[in-house]
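I have placed the structure first, in the form of structure tokens, so that the comments after it can refer back to it.
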Amino acid sequence: MVSPGFHARVYACVRVVPAGFVTTYGDVATVLGSPRVARHVGFALAALDDPGVPWHRVINAAGRISHRGDLVRAELQRRRLEAEGLVFDESGRLALARHRYRFPTTALPLSDADP
DNA sequence: GGTTTGACCATAA
DNA sequence: CTTATGGCCAAAC
């Protein structure tokens, strides 16, 4: 992969998140190098067509599921997260502080080029 | 090619 | 707690 598109990088990051943990759009964007492209992380996942990518482990900074109208997707996401042991509180949020996955500072699947 | 759009985020009121 | 606003930048049109 010599010319990784933005989507491909998003998928690579999400693929790293282990089961039982979650990450946020902003975190993924930050790991990719720009904390301001959080929207594109969601945009990339919206166009996702790879069952190997655990898209359900990506939530927003508030610890809630971003459905943006698609409640069906949100319910599926919540179900998958609960199946991995995550627990939502009464407000529909989950303990981000406990389950947030920390991306390694090195050895990320983005090392296609050196800064 | 410019314009629109978005599974967001931080801040302010 | 909620709503409003500005910013951001890669795809789709």
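Quick note: the coordinates plus some simple rules give every number you see, no bench work behind them. Since we're looking at a predicted model, the values are computed, not measured. Because the Cβ atoms are built from the backbone with ideal geometry, glycine has one as well, and the counts that use them run over all protein chains shown.
For region A:50-106, the equivalent ellipsoid derived from the alpha-carbon gyration tensor has semi-axes of 18, 15, 11 Å in decreasing order. Seen from residue A:89, the other residues with C-beta closer than 13 Å to its C-beta sum to a net charge of +2, counting Lys and Arg as +1 and Asp and Glu as -1.
Charged side chains reduced to their Cβ positions (Lys and Arg at +1, Asp and Glu at -1) give region A:6-99 a dipole of some 200 debye around its Cα centre. Shape class of region A:14-75 from the alpha-carbon gyration tensor: rounded, with the ratio a/c of largest to smallest axis under 1.5. Loop-located trypsin sites (Lys or Arg not before Pro) in region A:6-46 (DSSP state other than H, G, I, E, B) with a sparse environment of at most 10 neighbouring Cβ atoms within 10 Å: A:36.
Ratio of Rg to Rh for chain A: 0.96 [Cα atoms; Kirkwood radius as inverse mean 1/r over pairs]. Taking amide H atoms as placed 1.01 Å from N in the peptide plane, the amide H of residue A:24 lies under 5 Å from those of A:59, each 5 or more residues away in sequence or on another chain.
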